[in-house]
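Right, one structure below, let's go through it.
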Amino acid sequence: MSVTPSPRRVALLTLGCARNEVDSEELAARLDAGGWQVSTDADGADVVVVNTCGFVEKAKQDSIETLLAAADTGAKVVAAGCMAERYGKELADSLPEASAVVSFDDYTDIAARLDGVLAGETFDAHTPRDRRELLPITPVQRQAAKVVIPGHATVDEHTPAHLRPVLRRRLDDGPVASLKLASGCDRKCAFCAIPAFRGAFVSRDPQELLAEAEWLAKSGVRELVLVSENSTSYGKDLGDPRALEKLLPQLAAVDGIVRVRASYLQPAETRPGLVEAIANTPGVAPYFDLSFQHSSEPVLRRMRRFGSTDRFLELLDSARKLAPAAGARSNFIVGFPGETRQDVDELVRFLSEARLDAIGVFDYSDEDGTEAAGLDKKVKEDTIKRRYDRIVTLADELCNQRAEERLGSIVEVLVDTVEGGDVEGRAEHQAPEVDGSTTLVSDSTGVDLAALRPGDFVRARVTATEGVDLVAVPVEMISAAPVSAR
């Protein structure tokens with residue numbers, strides 16, 4: 001009598017950004033094809049794969065803690081993702097709790113790697129290298145290079161892009177999904193180590209993106225969030241710097257998709273045509289996720305970036321002339337080497353005039369392998385903390401004020417969750433995870449709140465605010481989620 005072997009169970013735990021989430025779903029598809037039972041629950045798993053983040057010190061610490069907690073479950077633990085790629089053998093030597101530390105180059109054979117881990121085999125971790133050196137310097141030559149790039153896997157390169165199978169397995173059933181436009185970055189920001197372990201900039205084929213968007217829509221996705229390290233560079237290696245402007249309306253026209261949101265825009269590369277496409281294309285959220293980082297021109301130059309308070313305000317003004325209610329968010333670093341009190345005052349001036357909906361603030365710390373780590377004129381830690389606290393307090397106050405400006409306005413809300421009568425969603429200016437949300441409430445007129453389900457798309461009138469979050473009454477159903485998604 002034959003005995004059916006128990007399934008091999010793997011849990012995928014994802015840390016960090018939305019790009020990592022896409023990479024995890026590629027790994028999930030590969031593992032599923034390799035006979036593994038995939039989930040996001042470490043309980044009962046034979047192997048736990050932690051897709052780590054290696055961006056800043058706190059993210060690295062979170063990755064270590066997650067790996068250690070996974071090891072406590074009794075499962076074998078594998079470190080993948082950015083921190084694993086960035087440190088390789090060093091991480092493996094310092095973390096014996098991990099059974100393996102894998103590189104991006106291992107992703108194509110991830111099922112076999114985990115088979116070996118489960119069988120007790122040992123693997124030598126890779127020695128990290130600068131992944132920019134794996135690709136040609138000239139962007140247009142990169143498409144032909146045979147380099148493993150997470151989230152860019154091609155199942156069959158001989159089949160036209162729009163007909164290729166999608167190598168992705170969704171790890172949740174929510175109405176929002178990220179769509180990876182590109183990977184890597186060619187910019188040389190002094191504070192950023194990402195290009196060294198993510199590599200040079202490479203765009204995905206637009207037809208492949210459209211095919212994946214259609215696949216996501218068929219799985220119940222209603223909003224696409226376009227992600228990359230630098231979305232404004234999309235198409236430069238395809239010979240078309242206007243590729244994103246052309247792609248946005250095509251994605252918005254995909255059956256079932258009600259909203260497309262672009263993210264990770266580089267201010268220095270945000271052309272007027274792209275601003276117009278984001279502001280005026282039906283089905284595209286008038287939302288500008290702009291990576292300003294600072295606004296004092298001297299600090300920006302030291303960061304190897306471009307712009308100034310006035311230039312950035314002009315960029316925001318150009319968007320709001322086209323879409324007065326457009327949302328805008330950004331991140332800022334305080335305490336960068338050489339930053340003066342005058343520089344901080346200039347940042348305060350910008351924030352006070354910019355009317356941003358969401359503001360992320362980071363206190364500067366040296367990162368391995370970056371130019372900034374070797375700069376002089378370091379700002380003292382207590383000074384950085386004082387400046388950080390000042391900017392965070394100001395940011396909270398300004399974002400709350402910006403939310404209050406939306407009182408009485410009509411917003412378009414995608415319902416994300418319905419739990420115990422509580423209906424949560426997001427308006428056009430609210431991206432998943434990083435921005436505020438909108439709570440929908442009933443006033444006995446308009447849309448029946450009890451009938452709403454995740455994926456429904458409604459118009460709602462803003463009646464109150466709670467910090468950056470909105471409270472709104474749904475007044476009209478724009479598009480109900482498909483029955484299969486309800």
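The values are calculated or read from the model by the stated rules, or taken from the named source; none is laboratory data. Everything numeric here is computed off the predicted structure, so don't read it as measured data. When we count neighbours, we look across all protein chains shown, and the Cβ atoms used for this are built from the backbone with ideal geometry, even at glycine. The accessibility values were calculated without ligands, DNA or RNA, using every heavy atom of the protein model including side chains. Shrake-Rupley method; radii C 1.70, N 1.55, O 1.52, S 1.80 Å.
Give the range 206-243 a look and list any residue that's out of contact with any Cys (no Cβ under 6 Å at 6 or more places or on another chain), assigned to a loop (DSSP other than H, G, I, E, B) and among the acidic types (D, E), or say none.
Matches in the range 206-243: D240 only.
Search the range 400-415 for residues that are acidic (D, E) and pair each with any residue that is open to solvent by 50 Å² or more (accessible area, probe 1.4 Å) when their beta-carbon atoms are under 7 Å apart and the residues are at least 6 apart or on different chains.
Final answer for the pair search is E412/R459; E412/I478.
Please pick out the residue among V56, V117, V49, V77 that is more than 29 Å from F201 (Cβ to Cβ), touching a residue at least 40 places away in the same chain (Cβ under 8 Å), aliphatic (A, V, I, L, M) and surrounded by 15 or more Cβ atoms within 10 Å (Cβ to Cβ).
Going through V56, V117, V49, V77 in turn, the sole match is V117.
Anything in the range 403-425 that is open to solvent by 10 Å² or more (accessible area, probe 1.4 Å) and not small (G, A, S)? List them, or say none.
If the condition is that a residue be open to solvent by 10 Å² or more (accessible area, probe 1.4 Å) and not small (G, A, S), then E404, E405, R406, L407, I410, E412, D416, T417, V418, E419, D422, E424 are the ones that fit.
When the residues of the range 129-185 are narrowed to those that are closer than 17 Å to S228 by Cα and more than 22 Å from the chain's Cα centre (by Cα), which ends up surrounded by the most Cβ atoms within 10 Å (Cβ to Cβ)?
Per the criteria, the residue is R142.
Step by step: first the residues of the range 440-486, then only those that are touching a residue at least 12 places away in the same chain (Cβ under 8 Å) and in a helix (DSSP H, G or I), then the one that is most open to solvent (accessible area, probe 1.4 Å). Which residue is that?
Among them, the one singled out is S484.
Take the residues of the range 283-309 that are more than 15 Å from T232 (Cα to Cα) and out of contact with any Leu (no Cβ under 9 Å at 6 or more places or on another chain): which is most open to solvent (accessible area, probe 1.4 Å)?
R304
Pick from S365, S318: which is modelled with pLDDT under 95 and of a type in the set (S, T, N, Q)?
Answer to the selection: S365.
This table checks each residue for (1) over 23 Å from the mean Cα position of the chain (by Cα); (2) surrounded by fewer than 22 Cβ atoms within 10 Å (Cβ to Cβ).
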{"site": "R329", "(1), (2)": "no, no"}
{"site": "P337", "(1), (2)": "yes, yes"}
{"site": "T340", "(1), (2)": "yes, yes"}
{"site": "V348", "(1), (2)": "yes, yes"}
{"site": "E353", "(1), (2)": "yes, yes"}
{"site": "G360", "(1), (2)": "no, yes"}
{"site": "S365", "(1), (2)": "no, yes"}
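Taking the residues in the range 313-327 that are out of contact with any helix residue (DSSP H, G or I) (no Cβ under 7 Å at 6 or more places or on another chain) and open to solvent by 10 Å² or more (accessible area, probe 1.4 Å) as candidates, determine which candidate is nearest to S409 (Cα to Cα).
Residue satisfying both the conditions and the ranking: A325.
Any residue that is of a type outside the set (S, T, Y), within 25 Å of K180 (Cα to Cα) and surrounded by fewer than 22 Cβ atoms within 10 Å (Cβ to Cβ) - is there at least one of those in the range 82-104?
Yes, the conditions are met somewhere in the range 82-104.
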